[in-house]
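Peer 1: Let me give you the structure first, and then I'll get to my questions.
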Amino acid sequence: MLRIGMLTSGGDCQALNAAMRGVVKGICSKRDDVEIYGFKDGYKGLIYADFNMLTSKDFSGILTRGGTILGTSRQPFKLMRVPDKDGLDKVEAMKHTYHKLNLNCLVILGGNGTQKTANLLREEGLNIVSLPKTIDNDLWGTEMTFGFQSAVDIATDTIDRIHTTATSHSRVFIIEIMGHKVGHVTLHAGIAGGADIILLPEIPYDIDVIAKVIQKRSAAGKPFTILAVAEGAISKEDAKLKKKEYKEKIAKRKYPSIAYELAEQIQKKTDKEVRITVPGHTQRGGSPCPYDRVFSTRVGAKAAELILNEEYGYMVAMKKGETTKVPLAEIAGKLKYVDPDCSIIKEARMTGISFGDK
Ligand code: F6P
């Protein structure tokens, strides 16, 4: 009997279901003696032994369904070694559940924090295969994560819709796109949506540069400007602060988010009407785009291959268009940032896009 535990952890995204379907179809195409334990709401289900026994039927018809049939929750890695409110040792509890159910392995779908905990469980002796989930596409060791392309599609659609109204009203529009630490979604949606200014956490901006770009566009007979701004965009001034100081500053910020702060500054400096759009969690919602359906099916099937071969301790990744495995020990805890000197940034600059820095 092959006993597999499965969980989805962290923020949800499109194609989680499609990826799990890929794993189950891959395994069940080769073996009949399979038991699947679906843990509810991420690591919480593993800690408190909250699970459902599932069959391959439960994974049929979910290729296009957004969200996760298992539910998810954020269980910060830094709190994993901190006992819960009843004094329960979470790591020991997860190991206990795993051994009590006599699992052969755990399939873990998640982003950066999730991979760190997956690696911790590997270090504790559990058999782990993980899958690269996140709209942010910021996992080290893989060129792609599922959810990313779907989120880019949605954010691009938002910018497209803003474009028509922006031209009618001669306004400045700020579209705030998800990504606190990294700007991959903003960069891609910004270029795809024809944004004039793109602000990323990796390239600190200068508000005077932004104001100049807007004024220059006006002078050239282009009365509207579109800014695609990542949630975590940061000014040059703030980038000089220590992490702790910056966190404290953000906590005291009178604006709900960066877009609102920028709007006030731009209005003051340019005298232009500014409007804000925040697509927020719509970027993680709905059906996965075709790319994500294909990609998640592929990484799911690859995970099945690893499990059938009893190759554990890996995250399935994409390198040069091929699925592959990367050791969890090598990738856990590392983020893949936008490289300010990479060619996509250079090409965007060549087409006149400003990153608000120079
Ligand atoms: O990591 C995915 C992500 O959507 C980020 O882009 C975003 O900053 C964050 O999650 C939002 O988290 P939450 O859903 O907990 O508000």
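Peer 1: For region 327-355, which positions are in a helix (DSSP H, G or I) and either polar (S, T, N, Q) or free of Cβ contacts under 8 Å to residues at least 60 places away in the same chain (or both)?
Peer 2: If the condition is that a residue be in a helix (DSSP H, G or I) and either polar (S, T, N, Q) or free of Cβ contacts under 8 Å to residues at least 60 places away in the same chain (or both), then 343, 346, 347, 349, 350 are the ones that fit.
Peer 1: All but one of (1) away from the ligand (no atom under 16 Å from the Cβ); (2) open to solvent by less than 50 Å² (accessible area, probe 1.4 Å) hold for residue 339; which doesn't?
Peer 2: (2)
Peer 1: Something else now. Applying the selection to region 23-42, what residues are open to solvent by 10 Å² or more (accessible area, probe 1.4 Å) and either without any contact (Cβ under 8 Å) to a residue 60 or more places away in the chain or more than 27 Å from the chain's Cα centre (by Cα) (or both)?
Peer 2: Hits for region 23-42 are 28, 29, 30, 31, 32, 33, 34, 35, 40, 41.
Peer 1: Considering 20, 6, 53, which residue is out of contact with any Pro (no Cβ under 6 Å at 6 or more places or on another chain), in a strand (DSSP E or B) and crowded, with 22+ Cβ neighbours inside 10 Å?
Peer 2: 6
Matching residues to (1) within 23 Å of residue 117 (Cα to Cα); (2) open to solvent by 50 Å² or more (accessible area, probe 1.4 Å); (3) touching a Lys or Arg at 6+ places or on another chain (Cβ under 9 Å):
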{"position": "283", "(1), (2), (3)": "no, no, no"}
{"position": "287", "(1), (2), (3)": "no, yes, yes"}
{"position": "290", "(1), (2), (3)": "no, yes, no"}
{"position": "331", "(1), (2), (3)": "yes, no, no"}
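Peer 1: Out of 234, 250, I need the residue that is within 16 Å of the ligand (Cβ to nearest atom), open to solvent by 20 Å² or more (accessible area, probe 1.4 Å) and closer than 19 Å to residue 187 by Cβ. Which one?
Peer 2: Answer to the selection: 234.
This table checks each residue for (1) at pLDDT below 95; (2) within 16 Å of the ligand (Cβ to nearest atom); (3) of a type in the set (Asp, Glu).
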| residue | (1), (2), (3) |
| --- | --- |
| 126 | no, no, no |
| 134 | no, yes, no |
| 139 | no, yes, no |
| 147 | no, yes, no |
| 153 | no, yes, yes |
| 164 | yes, no, no |
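Peer 1: Please work out which one of (1) buried (at least 19 other Cβ atoms within 10 Å of the Cβ); (2) of a type outside the set (Gly, Ala, Ser); (3) away from the ligand (no atom under 16 Å from the Cβ); (4) within 30 Å of residue 325 (Cα to Cα) is the condition residue 204 fails and give its number.
Peer 2: With (1) buried (at least 19 other Cβ atoms within 10 Å of the Cβ); (2) of a type outside the set (Gly, Ala, Ser); (3) away from the ligand (no atom under 16 Å from the Cβ); (4) within 30 Å of residue 325 (Cα to Cα) applied to residue 204, the lone miss is (4).
Peer 1: Quick check on residue 111: is it surrounded by 18 or more Cβ atoms within 10 Å (Cβ to Cβ), out of contact with any Cys (no Cβ under 8 Å at 6 or more places or on another chain) and of a type in the set (Gly, Ala, Ser)?
Peer 2: Considered against the rule, which asks whether it is surrounded by 18 or more Cβ atoms within 10 Å (Cβ to Cβ), out of contact with any Cys (no Cβ under 8 Å at 6 or more places or on another chain) and of a type in the set (Gly, Ala, Ser), residue 111 comes out as yes.
Peer 1: While we're looking at this one, here's another question. Within region 145-161, track down each residue that is open to solvent by 20 Å² or more (accessible area, probe 1.4 Å) and of a type outside the set (Ser, Thr, Tyr).
Peer 2: 149, 153, 154, 157, 160, 161
Peer 1: Within region 21-38, does at least one residue satisfy the condition of being in contact with a strand residue (DSSP E or B) (Cβ under 9 Å, 6 or more places away or on another chain) and over 20 Å from residue 299 (Cα atoms)?
Peer 2: yes
Peer 1: Give the residues of region 261-281 that are within 16 Å of the ligand (Cβ to nearest atom), open to solvent by 40 Å² or more (accessible area, probe 1.4 Å) and in a helix (DSSP H, G or I), sorted by residue number.
Peer 2: Residue satisfying the conditions is 281 alone.
Peer 1: If you don't mind, there's one more thing I want to ask. For region 176-194, enumerate the residues that are away from the ligand (no atom under 14 Å from the Cβ) and hydrophobic (A, V, I, L, M, F, W, C).
Peer 2: Result: 191, 192.
The values are calculated or read from the model by the stated rules, or taken from the named source; none is laboratory data. Note that the structure is a prediction, hence the values are computed from the model and not measured. Methodologically, a virtual Cβ is constructed for each residue, glycine included, from the backbone with ideal geometry; neighbour enumeration extends over all protein chains shown. Note: accessible area is taken over every heavy atom of the protein model, side chains too, but ligands, DNA and RNA are not part of it. Shrake-Rupley method; radii C 1.70, N 1.55, O 1.52, S 1.80 Å.
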